[in-house]
1. Specify the residue that is nearest to the ligand (Cβ to nearest atom); the eligible residues are those in the range 315-355 that are more than 26 Å from PRO445 (Cα to Cα) and of a type in the set (D, E, K, R).
2. Would you call GLU128 away from the ligand (no atom under 16 Å from the Cβ) and touching a residue at least 24 places away in the same chain (Cβ under 8 Å)?
3. Tell me, please, whether a residue that is in contact with an Asp or Glu (Cβ under 9 Å, 6 or more places away or on another chain), closer than 18 Å to ALA537 by Cα and within 16 Å of the ligand (Cβ to nearest atom) can be found in the range 447-461.
4. I'd like the full set of residues that are more than 16 Å from the ligand (Cβ to nearest atom), within 29 Å of MET340 (Cα to Cα), of a type in the set (A, V, I, L, M) and in a helix (DSSP H, G or I), limited to the range 239-295.
5. Take ASP421 and tell me if it is closer than 18 Å to ALA335 by Cβ, acidic (Asp, Glu) and at pLDDT 95 or above.
6. Can you say whether ALA518 is in contact (Cβ under 8 Å) with a residue 40 or more places away in the chain, of a type in the set (Gly, Ala, Ser), closer than 30 Å to ILE97 by Cβ and crowded, with 18+ Cβ neighbours inside 10 Å, as far as the supplied structure shows?
7. Within the range 496-504, does at least one residue satisfy the condition of being at pLDDT below 95, more than 13 Å from ALA537 (Cα to Cα) and of a type in the set (Asp, Glu)?
8. Residue check: is GLY311 away from the ligand (no atom under 13 Å from the Cβ) and of a type outside the set (A, V, I, L, M)?
Amino acid sequence: MALLETIDGPGDLKKVPIEQLPALAGEIRREIIEVISKNGGHLASSLGVVELSIALHYVFDSPTDRLIWDVGHQAYAHKILTGRRERFATIRQTGGISGFTSRGESPHDAFGTGHASTSVSAALGIAEGLRLAGGQGKVIAVIGDGSLTGGLAFEGLNSAGHLEKDLIVVLNDNEMSINPNVGALSAWFSRKFATESFNRFRRQVKDWLKNLPRGGGEAIMMIRRAIDSSKALFTPGMLFEGLNFQYVGPIDGHNTGELIEVLRGVRELDGPVLVHVHTQKGKGYVFAEEDPARFHGVNAFDVATGKSAAGGRTFTKAFGESLVSEAERRPEIVAITAAMTEGTGLSEFQKRFPERFYDVGIAEEHAVTFAAGLATTGVMPVVAIYSTFIQRGYDQIIHDVALQNLPVVFALDRAGIVGTDGPTHHGAFDLSFCRLIPGVTIMAPADEGDLANMLHSALHYGGPCFVRYPRAVVPDAEAGSSPVVLPRGRGAAVFGPNGRADVAVIAVGTMVLPAVAAARTLCREGVSAAVVDARFAKPLDEEMILDTVTGVRALLCVEENALAGGFGTAVLETLALRGALPPRFRRLGLPDRFIPHGDRAEVLRSLDLDETGIAEAVRRLLEEPKAAGLKIIGAR
Ligand SMILES: Cc1ncc(C[n+]2csc(CCOP(=O)(O)OP(=O)(O)O)c2C)c(N)n1
């Protein structure tokens, strides 16, 4: 790592002669592969932009010039080149640097990212802000062709073309999102675009010429000449030029010298410019080049073989299988993903029912409204989206689905703490923001059998339904052989003494089994504790809750969701309105702050969201004096 060791910031990089930059790229790749093979992370995307990262930092002066990496998952080389080389080994670990760009982490991270398609709007805002404040610096957004399928990116381009301010957008085109990129637009960027479109145009004109009256010799010659000279018009740049951008490219994104030369030229241009760069996802690591989708986001792996240790059976996998068996029985079921086929467990569905499967690109808003449209025709759409990304489609859920009471099922994967991807990806809020929508059903399974029953029920109830489940391995549980329809809005008593308990714990989803384990421990200590699995965050089983808390000394509600507006708050509201609050009450859940990245189990432990934390919370609660009047002891 001879060269790399001399680089503690972009200033050091600029001292390296251009001819040595390919060697530096090799060193950076080795460092990224080495660290990500241990920590896991977004390997293929980051390997693809090593030369581009070097060239951008060679030509521009970060942090005066602002670099905004869309999603930020590809910014590993950028991090290594901007003073984080030594901390790079801590990436995605508890207390370590983030796997995305983060303003708090470095002045070179001009904008915090994690969700796709934000870079153009953010860059335009920064460019305009600098102008208003009389500040210095070029602003450069780097966006992948996958992220350009998001509507927000086009809102940004549209606005930038209108404002005509200095802005450089680098389109990193590797023809891949996580899987091969989808959508009509991706053809515009494709290498085949020019020839295919031009040939189609030529065929159309030929047909037209055949139908012209005879004797039009001179006119036909003119048209032929016009066709030949119009070939130059058929470039991917047409689209961007139409949006008032100057288009430069396409250029080879692995040729550092060419990149530097082009970027130096682009730096001198005024107004919005789009630089189209071709790269290869996974470049430089044979297994990632061969299977860029698997190495998009990879767990720890063996560098020599590219293999990762087999994980356990996940909720995602269980969901995918349940959906396939539902779809076998009901031809009206279709599945929709927003560029996350594998992540949401839909690969098998796609194989089995290609005609009933839709990958709409990174377009969550569209996914929801598309589902709403389908649902008006008797189709039964299941939209499988990560909890954090459904935030993008919130207005569509309210306005297009719920207001019309359409039967759309939302399978919210990665609900709760996701772990190493951190705060941009935690599914912290879905119970809170879904709970306030009238008429919806919200369910959270504790195990695989529950998940199958809940999916089955959601497909049966009609109206908008959410099933939320974590990024986790399913606990050992007997999956029911054939799923049943659960009575809507009914919880279940899952643990307790005969007769009245001292303490009631009402848990939902992932917190049910740790709550039962905690109650067992408490029982051994002589505290009789009952546990209720709420199953539904909406509608709440109010009668069961009232019955459970009658006569108890304390009540604890536990959820893997923000406390603010979440499940425990729903219980609190119900009990307060009914005048039935027990003498001691407390909610456990995600506190009112953004939770950093780290191993999922460690993060949950740090928040008391495990067996030990729940048992301890009950012990502390019981030590507290009785609340007077409506004051709630221990509520936080
Ligand atoms: C709103 C949103 N939806 C989904 C994702 C998940 N995601 C992360 S990267 C990615 C693909 C990005 O493709 P591209 O922009 O082409 O970058 P590449 O990884 O190919 O370099 C997706 C779908 C996300 N980060 N944000």
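1. LYS351
2. Numbers: away from the ligand (no atom under 16 Å from the Cβ): yes; touching a residue at least 24 places away in the same chain (Cβ under 8 Å): yes.
Answer is yes for this residue.
3. Checked against the condition, which is being in contact with an Asp or Glu (Cβ under 9 Å, 6 or more places away or on another chain), closer than 18 Å to ALA537 by Cα and within 16 Å of the ligand (Cβ to nearest atom), the range 447-461 yields no hits at all.
4. LEU239, VAL286
5. Working: closer than 18 Å to ALA335 by Cβ: no; acidic (Asp, Glu): yes; at pLDDT 95 or above: yes.
Judged against the criteria, ASP421 is not a match.
6. Answer is no for this residue.
7. Taking the range 496-504 and keeping what is at pLDDT below 95, we get 496-502.
Right, trim to more than 13 Å from ALA537 (Cα to Cα) and you get 496-502.
Subset that is of a type in the set (Asp, Glu): 502.
Checked against the condition, which is being at pLDDT below 95, more than 13 Å from ALA537 (Cα to Cα) and of a type in the set (Asp, Glu), the range 496-504 yields at least one hit.
8. Numbers: away from the ligand (no atom under 13 Å from the Cβ): yes; of a type outside the set (A, V, I, L, M): yes.
Here the answer is yes, as GLY311 does meet what is asked.
The values are calculated or read from the model by the stated rules, or taken from the named source; none is laboratory data. Bear in mind that the values here come from a model prediction, so they are computed numbers and not experimental data. Please note: Cβ atoms are built from the backbone with ideal geometry, for glycine as well, and neighbour counts cover all protein chains shown.
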